[in-house]
Structure formats: C-alpha cells, structure tokens
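One structure is given below, encoded as structure tokens.
The values are calculated or read from the model by the stated rules, or taken from the named source; none is laboratory data. Computed from a predicted model, the values in this text were never measured in an experiment. We place every Cβ from the backbone using ideal geometry, glycine too, and count neighbours over all the protein chains shown. Accessible surface areas use protein heavy atoms only, side chains included; no ligands, DNA or RNA. Shrake-Rupley method; radii C 1.70, N 1.55, O 1.52, S 1.80 Å.
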Amino acid sequence: MKTNNSKIYLLAFVIMFVISCDSKRVYDSYQTVSNQSWDAKKEMHFSFSVSDTLQRSNLFINVRNNNDYPFSNLFLITQLDFPNGKKIVDTLEYEMTDASGRFLGSGLTEIKENKLFYKENVVFPNSGEYTLSIHQAMRKNGETQGLHSLKGITEVGFRIEKN
C-alpha cells in the first residue's frame, strides 16, 4: 500500500514540475507550413488578447526548419496590429547557421527550433485583441524578386513571455 502512495506523490510532483517550468508563458502558438515550403504570399497570423497593460513582456518568433533550408539567414516582415487600429511594421533578419554552416537552434533531430527575439521588454499600451502577421521576405543574392517558395521551414510560431 505504501508503494502506491509513493508513486502517486511522485507522479503529482512530476506533473506540478512540468507545469511550473513554463511559468513565463503568456501566449504560445504555432502554425504548420504546407509542404514544408513557405509561400511568399502566405502570412502567418497570430491573434492574442491583452488585459494587463502594465506587465513587461518579451516577444519571440519561433521558426522550425529542417535540412532542406537553403540559406544561412532569414528575412521576415512582421506587422503588429493594435486594438485601436495602430500598426507597426518591421523587417527583421535572423542568422540561421553558424560560420561553418551548421544550423543554429535546438533539437537533436533534423528539425531545429529557433527562438528568435522579436521585441524585448514590451508593455502593451491598450487592452484588447492584437494580431501579429509574419511573412518571409527571402531572395537570392543579386536578384530583385523575392522567392515564391522558401523550402525547409516546417512551422512558424509566436510566443509572449513575462519579463
């Protein structure tokens, strides 16, 4: 009998530990990229509600890529829509490989997850519904036209953490 109680207590402890490990998370969502190829016209939209206009937060764009990703960097264009109609547009560049060409990010398999800083120490000024739109803006060197399809991206996510 005592062994069963010990197992129950251990299981409860493990569950509480796992839940508390992500205590900074406010919002975390991913969208799968069709055929592991991100179309230039395909925007990823992430809608989230803000009620606390005093909390400082860090915002991250999460990108999962596989070995088919052909570049050492990644250009993204983001648009953050506020509840009051205000919009902020940013063009961002992230490194995806180290100097030797090995993919950055975490993961032991072919899939690497990159947690990329988007905005740091943000205070949302208005309560209400916000939407972040993200699309890829990659092109080959020397070309003016962007890539129609960016291979090797499997998922794109957005995360908000308490600071």
Name the residues in region 111-145 that are at pLDDT 95 or above and at positive phi, would you?
N121, G128
Residues of region 109-148 satisfying the condition of being among the hydrophobic types (A, V, I, L, M, F, W, C) and closer than 15 Å to I77 by Cβ
L116, L132, I134, A137, M138, L147
Residue count, region 52-96 (criterion: polar (S, T, N, Q) and under 17 Å from the mean Cα position of the chain (by Cα))
9
Just checking, how many residues over region 40-64 are part of a strand (DSSP E or B), open to solvent by 40 Å² or more (accessible area, probe 1.4 Å) and either at pLDDT below 95 or touching a Phe, Trp or Tyr at 6+ places or on another chain (Cβ under 9 Å) (or both)?
3
R25: surrounded by fewer than 16 Cβ atoms within 10 Å (Cβ to Cβ) and either under 13 Å from the mean Cα position of the chain (by Cα) or at pLDDT 95 or above (or both), yes or no?
yes
Pick out the one residue from E161, E120, E93, E143 that is without any contact (Cβ under 8 Å) to a residue 24 or more places away in the chain and either assigned to a strand (DSSP E or B) or in contact with a helix residue (DSSP H, G or I) (Cβ under 8 Å, 6 or more places away or on another chain) (or both).
E93
Might you let me know whether region 65-73 holds any residue that is assigned to a strand (DSSP E or B) and surrounded by fewer than 16 Cβ atoms within 10 Å (Cβ to Cβ)?
yes
Scan region 123-130 and tell me whether some residue there is open to solvent by less than 20 Å² (accessible area, probe 1.4 Å) and either touching a residue at least 24 places away in the same chain (Cβ under 8 Å) or more than 11 Å from V63 (Cα to Cα) (or both).
yes
Within region 103-115, can one find any residue that is open to solvent by 40 Å² or more (accessible area, probe 1.4 Å), more than 23 Å from K162 (Cβ to Cβ), part of a strand (DSSP E or B) and acidic (D, E)?
no
Qualifying residues in region 32-51 (those that are more than 15 Å from the chain's Cα centre (by Cα) and of a type in the set (S, T, Y)) - the one farthest from R139 (Cα to Cα)
S51
